[in-house]
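Take a look at the structure below.
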């Protein structure tokens, strides 16, 4: 038997950890890029409809608007969640697995609180989606944030389970870093949404 045969099959190139991490990073960046385009379309639609205000239907007479404090509270909680995750991520970079688990646990708990707050806000809005362009735009933005929370929560739960099982260390934390991109993006979108919804009154009445 030759020495080449006794050495066993060579590891396929596509199983190289560095290559796998590169592909995962590209996939996440493409996902975030596509999501960014969609979010920008939603924000553009909000301002476009606000500026157009056809027949005064941006906010019809007698229609209420969403309270500003609720929007900013929801944004603040997800920002705190992202910061908690980043704290855990910095821990695993230093080889502290317990800190990653703790940070991810806190981030998930805050994310759950935010999801409850967002669901409550949607159920308690003083208008329906059909009550003008503002109402429809607001409901879509709030609903999309809830979608973001669900996706992030499912991904975060999987990462938390892997972290608890000791799958990450100071030399292997690529997935942790990528999840940090997602968490930070969701928090950034929540802040952008909160800023956008500060612009309520239309500058034009047609």
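Some notes on this structure:
- So residue 4, is it modelled with pLDDT under 95 and either touching a strand residue (DSSP E or B) at 6+ places or on another chain (Cβ under 9 Å) or farther than 24 Å from residue 144 by Cβ (or both): yes
- Options 151, 200, 139; residue that is assigned to a helix (DSSP H, G or I) and surrounded by fewer than 16 Cβ atoms within 10 Å (Cβ to Cβ): 151
- Residue among 62, 158 that alone is surrounded by fewer than 19 Cβ atoms within 10 Å (Cβ to Cβ), modelled with pLDDT under 95 and either out of contact with any strand residue (DSSP E or B) (no Cβ under 6 Å at 6 or more places or on another chain) or in a helix (DSSP H, G or I) (or both): 62
- Subset of segment 85-108 that is outside any helix (DSSP H, G or I) and in contact (Cβ under 8 Å) with a residue 24 or more places away in the chain - its residue that is surrounded by the most Cβ atoms within 10 Å (Cβ to Cβ): 95
- Per-region count, segment 24-59, residues on the phi > 0 side of the Ramachandran plot and surrounded by 15 or more Cβ atoms within 10 Å (Cβ to Cβ): 1
- Inside segment 109-124, residues that are surrounded by fewer than 19 Cβ atoms within 10 Å (Cβ to Cβ) and either touching a residue at least 60 places away in the same chain (Cβ under 8 Å) or farther than 30 Å from residue 176 by Cα (or both) make up a count of 4.
- None of 134, 144 is in contact (Cβ under 8 Å) with a residue 60 or more places away in the chain, touching a helix residue (DSSP H, G or I) at 6+ places or on another chain (Cβ under 8 Å) and closer than 19 Å to residue 64 by Cβ except 134.
- The residues of segment 178-197 that are under 22 Å from residue 26 (Cα atoms) and loosely packed, with under 15 Cβ neighbours inside 10 Å amount to a single one, 181.
The values are calculated or read from the model by the stated rules, or taken from the named source; none is laboratory data. Since we're looking at a predicted model, the values are computed, not measured. Neighbour counts are summed over all protein chains in view; Cβ atoms, including those assigned to glycine, are modelled from backbone coordinates with ideal geometry.
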